[in-house]
Amino acid sequence: MSDSTPNHIDGADMPMPPAIYPLICVGGSYFLNKYIPLTAPAFLTAEPAINDKLAAVALIGSLLLIAWSIIALRQNKTTLLPHRAVTNLVTSGPFHYSRNPIYLGFSLLLLAMFFSTLNVWLAILLPLNVWLLQQYVILPEEKHLKERFAVDFEDYQSQVRRWI
């Protein structure tokens, strides 16, 4: 007799937790800025109050998006941890608009940090963050979801974009 409950550690196969990748980019940007400082473009330094507002909007947007995503996962009674097996395919809330709203929120956090500090390396490393998340987190998650939900996940993939 087999148990239909998924094994709690039988999720996406990824080398590190997803939050590590943005942290790598943040750490890298501060290291690079210390040894190879880059000057922010004049249009960003002309009016610092605008940068503060952009930083606030990006920060609030990222936190709201991440919180909304967590609420949607909890309401659907599935795991928040991608290395654990999912019990339900979540397609509501922010997952109706993006298949990866939490990782989009992580990227918005990097953008908020850029506007707040004007560390140009944060903006330069933002695409690296997206690439790392896609290669080492999203693709393994998608493989796991295809294995668990087959046609339902393929339908979801065809209707909702990976990022935005």
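The values are calculated or read from the model by the stated rules, or taken from the named source; none is laboratory data. Note that the coordinates shown come from a computational prediction; the quantities given were computed from them, not determined experimentally. Backbone-built Cβ (ideal geometry, glycine too); neighbour counts: all protein chains shown. When the accessible area is computed, the model is the full protein with side chains, heavy atoms only, and any ligands, DNA or RNA have been set aside. Shrake-Rupley method; radii C 1.70, N 1.55, O 1.52, S 1.80 Å.
Hey, what number do you get for the chain at 222 nm if only DSSP H runs of n ≥ 4 count, each worth -39500 (n - 2.57), divided across all residues, to the nearest 500?
-20500 deg cm²/dmol
Can you run phi through the Karplus equation (6.51, -1.76, 1.60; θ = phi - 60°) for segment 75-90 and list ³J(HN,Hα) in whole Hz, with x for Gly and Pro?
The phi angles translate into 4, 8, 6, 10, 6, 8, 8, x, 7, 9, 5, 7, 9, 9, 7, 8 Hz.
Heavy atoms only, probe 1.4 angstrom, no DNA, RNA or ligands counted: give me LYS53, LYS77 ranked by accessible area, highest first.
Descending order: LYS77, LYS53.
How many angstrom lie between the C-alpha centres of segment 94-136 and segment 56-80?
15
Taking the chain as a Gaussian network, Cα atoms linked when under 10 Å apart, which of GLY11, GLY105, GLY27 shows the biggest mean-square fluctuation?
Result: GLY27 has the largest fluctuation of those listed.
Taking all protein chains together and a probe of 1.4 Å, list ASP155, ASP10 from the most accessible to the least accessible. List each step's numbers first, then the result.
Values: ASP155 75, ASP10 95 Å².
In descending accessible area the options line up as ASP10, ASP155.
Do you know the relative contact order of segment 86-160, to the nearest whole percent, from alpha carbon pairs under 8 angstrom that are 6+ apart?
Working: 33 pairs, mean separation 31.1, N = 75.
It rounds to 41 percent for segment 86-160.
Using only the alpha-carbon atoms, how far is helix 139-159 inclined from the longest principal axis of the chain? Give it as 0 to 90 degrees, nearest 10.
Long axis of 139-159 versus the principal axis of the chain: about 80 degrees.
Please state the relative contact order of the chain as a whole percent: Cα pairs under 8 Å, 6+ residues apart?
37 percent.
Using a 1.4 angstrom probe on the protein heavy atoms only, line up HIS144, HIS96 by accessible area, largest first.
HIS96, HIS144
Compute the helix-to-body angle for 120-133: its Cα long axis versus the longest principal axis of the chain, expressed 0 to 90° and rounded to tens.
10
Would you mind working out the accessible area per residue for the chain, using a 1.4 Å probe, and quoting it in Å²?
Each residue of the chain exposes 59 Å² on average to a 1.4 Å probe.
Considering the dipole of the chain built from charges on the beta carbon (Lys and Arg +1, Asp and Glu -1) around the Cα centre, which of LEU23, TYR97, GLY11 is farthest to its positive end?
LEU23
Pairing the Cα long axis of helix 101-117 with the longest principal axis of the chain, what angle in degrees results, from 0 to 90 and rounded to the nearest 10?
For 101-117 against the chain, the angle is about 10 degrees.
Which ³J(HN,Hα) values in Hz, rounded to whole numbers, follow from the phi angles of segment 17-27 under the Karplus curve 6.51 cos²θ - 1.76 cosθ + 1.60, where θ = phi - 60° and Gly and Pro get x?
In residue order, the calculated couplings are x, x, 5, 5, 5, x, 5, 4, 5, 5, x Hz.
Percent of accessible area on the chain owned by carbon and sulfur, 1.4 Å probe?
64
To the nearest 10 Å², what's ILE71's accessible area with a 1.4 Å probe?
90
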